[in-house]
Amino acid sequence: MHAIVETGGKQFRVAPGDVVRVPKLAGEPGSEIALGKVLAVFTDGGEASILSGASTAVDAARVNATITAHDRGEKVLVFKFKRKKQYKRTQGHRQDYTEVRIRDIVA
C-alpha cells in the first residue's frame with residue numbers, strides 16, 4: 001500500500017517504512033506527526049482505492065510518520081552576470097528540510 005501526500009506545497013509518494021525528506025516541519029526528532037493532506041491511497045494491486053474528491057474516505061485517510069532529523073540540503077550557487085558591464089554576483093542557498101520515516105497509512 002502506498003499514498004500520495006501533499007506537504008510544504010510538494011507532493012510525495014510514500015509507503016510504510018520509507019524515509020522521505022520534506023520541507024521543514026515543526027517538531028523535535030523522535031516526535032510523531034501526521035503528514036499533510038492525503039491525495040490518494042493505492043492498494044498493493046496498483047489500482048487506486050481512494051482518489052481525492054472521489055470519496056469522503058479520503059478525508060479520513062492519514063499518513064503517520066516519525067521525525068528522524070532536521071538538516072539543510074546541499075548548497076546551490078546562484079550566479080548573476082551581465083556582459084560588458086563588469087557586473088557579477090554570487091549567492092549561495094541551502095534549503096532546510098525534515099527527514100521523516102513513514103510508520104503507517106490509515107485509510
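The values are calculated or read from the model by the stated rules, or taken from the named source; none is laboratory data. Just so we're clear, the structure is a prediction, and the values are computed from it rather than from any experiment. Cβ sites come from the backbone with ideal geometry, for glycine too, and all protein chains shown count toward neighbours.
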Completion exercise
Of 16, 23, 29, the only residue that is surrounded by 15 or more Cβ atoms within 10 Å (Cβ to Cβ) and either at pLDDT 85 or above or within 26 Å of residue 93 (Cα to Cα) (or both) is 16
Practice task
Could you please find all residues in the range 11-41 being part of a loop (DSSP other than H, G, I, E, B) and more than 16 Å from residue 72 (Cα to Cα)?
Solution key: 15, 16, 17, 18, 30, 31, 35, 36
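Within the range 77-106, count every residue that is in contact (Cβ under 8 Å) with a residue 24 or more places away in the chain and of a type outside the set (Val, Ile, Thr). Quick ask: steps written out before the conclusion?
Kept after step one, since they are in contact (Cβ under 8 Å) with a residue 24 or more places away in the chain, are these residues of the range 77-106: 95-106.
Still in the running and of a type outside the set (Val, Ile, Thr): 95-97, 99, 101, 103-104.
Residues flagged as in contact (Cβ under 8 Å) with a residue 24 or more places away in the chain and of a type outside the set (Val, Ile, Thr) within the range 77-106 amount to 7.
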Problem - Number of the exception - residue 105 against (1) at pLDDT 95 or above; (2) more than 13 Å from the chain's Cα centre (by Cα) - result: (1)
Completion exercise
Scanning the range 64-95 for residues that are part of a strand (DSSP E or B) and among the basic types (Lys, Arg), the one farthest from residue 17 (Cα to Cα) turns out to be 82
